[in-house]
Ligand SMILES: [Zn+2]
């Protein structure tokens, strides 16, 4: 999937999870950082690709991207697995705790969950692409849906651009339309 599709899927996944829970107050820095962490999580698995948006925006990003790609076993390897998700969870947790002294008003748990939801949504979305996802590494089998490869989406092609991406936006819009009261209540009363 393209970065744009992953961004949209990560945001919709976070919205569905957050607004389906009993609403609890969060600070504004928590909300903003949670949204940022969610978007980073949504594209994080593709850091194993030298052309990933993450690397493209760094000055010598392509060089690092290629090196990281080799270290992580190439595209769609460890960063696209449950093992990679768990390792990223540990790394992000350590990073957030290290940063906590300079952002004391941030609820680290919220930011962590937002990252994890974003990253999990990436693996789910990539599972409907032709290449599939090696969910159970080190078992080297790529899983995908539907099981017949020919029926799956090709990244960046018409079906993704005209059906999958607008489909995610539509699901997000329908969710917000049906949970409008909860969303308004959250913004008015829960952000402190
Ligand atoms: Zn990917």
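The values are calculated or read from the model by the stated rules, or taken from the named source; none is laboratory data. Nothing here was measured: the structure is a model prediction, and the numbers come from that model. Methodologically, a virtual Cβ is constructed for each residue, glycine included, from the backbone with ideal geometry; neighbour enumeration extends over all protein chains shown.
Would you say residue 83 is in a helix (DSSP H, G or I), over 15 Å from the mean Cα position of the chain (by Cα) and in contact (Cβ under 8 Å) with a residue 40 or more places away in the chain? Spelling it out, residue 83 is indeed in a helix (DSSP H, G or I), over 15 Å from the mean Cα position of the chain (by Cα) and in contact (Cβ under 8 Å) with a residue 40 or more places away in the chain. Hey, does the range 114-123 have a residue that's surrounded by fewer than 21 Cβ atoms within 10 Å (Cβ to Cβ), within 14 Å of the ligand (Cβ to nearest atom) and part of a helix (DSSP H, G or I)? Yes, some residue in the range 114-123 is surrounded by fewer than 21 Cβ atoms within 10 Å (Cβ to Cβ), within 14 Å of the ligand (Cβ to nearest atom) and part of a helix (DSSP H, G or I). Exactly one residue among 54, 68 is at pLDDT below 70 and either within 18 Å of residue 1 (Cβ to Cβ) or within 12 Å of the ligand (Cβ to nearest atom) (or both), and that residue is 54.
Of all residues in the range 129-161, those being in a loop (DSSP other than H, G, I, E, B) and in contact with a helix residue (DSSP H, G or I) (Cβ under 8 Å, 6 or more places away or on another chain) number 8.
Which of the residues that make up the range 162-192 are in contact with a strand residue (DSSP E or B) (Cβ under 8 Å, 6 or more places away or on another chain), surrounded by 13 or more Cβ atoms within 10 Å (Cβ to Cβ) and part of a loop (DSSP other than H, G, I, E, B)? Selection gives nothing.
Selection within the range 5-29: residues that are part of a helix (DSSP H, G or I) and modelled with pLDDT under 95. The member of this set that is nearest to residue 85 (Cα to Cα) is 18.
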